[in-house]
Structures are given as structure tokens and as C-alpha cells.
Amino acid sequence: MPRGVEGIEAIRDAALLLTAAEAAGGIAGALDVTLEYLNTRTAFGRKIGSFQALKHTCAEILIGLERARSHVYHAATRINDGEDAEAALRMAKVEACDSFAFAGDRAIQFHGGFGFTYECDAQLFLRRALWLQYWFGDGPHHRKRLAELLLPA
């Protein structure tokens with residue numbers, strides 16, 4: 001294990017990668033819970049999952065999941081290959097946490113009033129997403145650092 005600044009940066013890199021990976025997994029969990037509910041609940045004689053507006057939002061969640069996974073895999077590959085991964089890690093953290101917050105929010109909305117209760121798992125996803133957004137730096141912090149890394153002075 002490296003010492004000094006290199007050691008701290010290695011710990012930061014691992015923390016960002018693991019946070020982004022947890023958020024990506026959370027998106028998948030929120031989507032699973034939401035799809036199960038949409039395919040079970042009926043309204044107006046139809047399953048609510050058949051309504052186009054809900055399908056589109058689920059597609060947006062799925063796109064966010066794939067973006068988050070892609071960023072996490074890219075960052076992990078850069079670390080594994082011994083390349084500079086700071087920009088990739090920051091992008092992964094921001095994308096995964098933002099997408100997780102969106103997925104958690106939509107999960108609660110789709111569950112209606114039941115989504116806010118402790119009996120419903122949907123509220124757990126939003127709580128965790130909001131917590132992860134601020135763990136090891138929030139979105140604006142990482143975006144500012146990304147601008148410094150990627151844009152010439």
C-alpha cells in the first residue's frame with residue numbers, strides 16, 4: 001500500500017469506486033422493486049405498468065443504470081490497468097449517484113402514498129441514494145474538480 005499522499009489518493013479512489021458501484025446496484029434494485037409493483041398493481045382495469053408515461057420513466061431509469069454501470073466499469077478498468085483514474089472515478093460517482101436519486105424518487109412516486117411508508121422498500125432506495133450523493137463529495141464538488149482536470153486553464 002502506498003504511503004503519504006499516494007496512499008490517501010488510493011483510499012479516495014477505492015471509496016469513490018465502491019460508492020459508485022453501490023449506487024449502480026441500488027438503481028438496479030429500485031428498478032426491480034418498481035417493475036414488480038407496476039406489473040402487479042391494477043387501475044382502471046389494467047396493470048399500471050401498461051401506461052406509456054410509466055414505461056418511459058422506467059426506460060429513463062434503465063438508461064441511467066447502463067450509464068452508471070459503464071462509468072463504473074471504465075473507472076475500475078483504469079484502476080486495474082494502473083492508469084490515472086481520477087476523472088473516470090469522479091464521473092462514475094456523479095453519474096451513478098444522480099441516477100440512483102432519480103430512480104429512488106421515481107420508485108416512491110410510482111408506489112403512490114404507500115411508497116413513503118416504512119412498510120414499502122421503495123423509500124429505502126431514496127434514503128440511501130440521498131445519503132450516497134453526499135458521501136465522499138457531492139456532485140458540484142466532483143464536477144468542479146472534473147472541470148479543472150479536463151479543461152485547460
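Every number here is computed from the coordinates shown, using simple stated rules; none is lab data. These numbers come from a predicted model, not from an experiment. Cβ: placed from backbone, ideal geometry, glycine included. Neighbour counts: every protein chain shown.
Numbers below:
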item	result
Likely footprinting exposure, Arg78, Arg127, fewest C-beta neighbours within 10 Å first	Arg127, Arg78
Per-pair calculated FRET efficiency, R0 = 22 Å: Arg145 and Ala15 via Cβ, rounded to 0.05	0.95
For Tyr37, Tyr73, Tyr118, order by how many other beta-carbon atoms lie within 10 Å, fewest first	Tyr118, Tyr73, Tyr37
Mean ellipticity per residue at 222 nm, deg cm²/dmol - from DSSP H runs of n ≥ 4 across the chain, formula -39500 (n - 2.57)	-26500 deg cm²/dmol
Environment charge at Arg143 (Cβ cut-off 14 Å; Lys +1, Arg +1, Asp -1, Glu -1)	-1
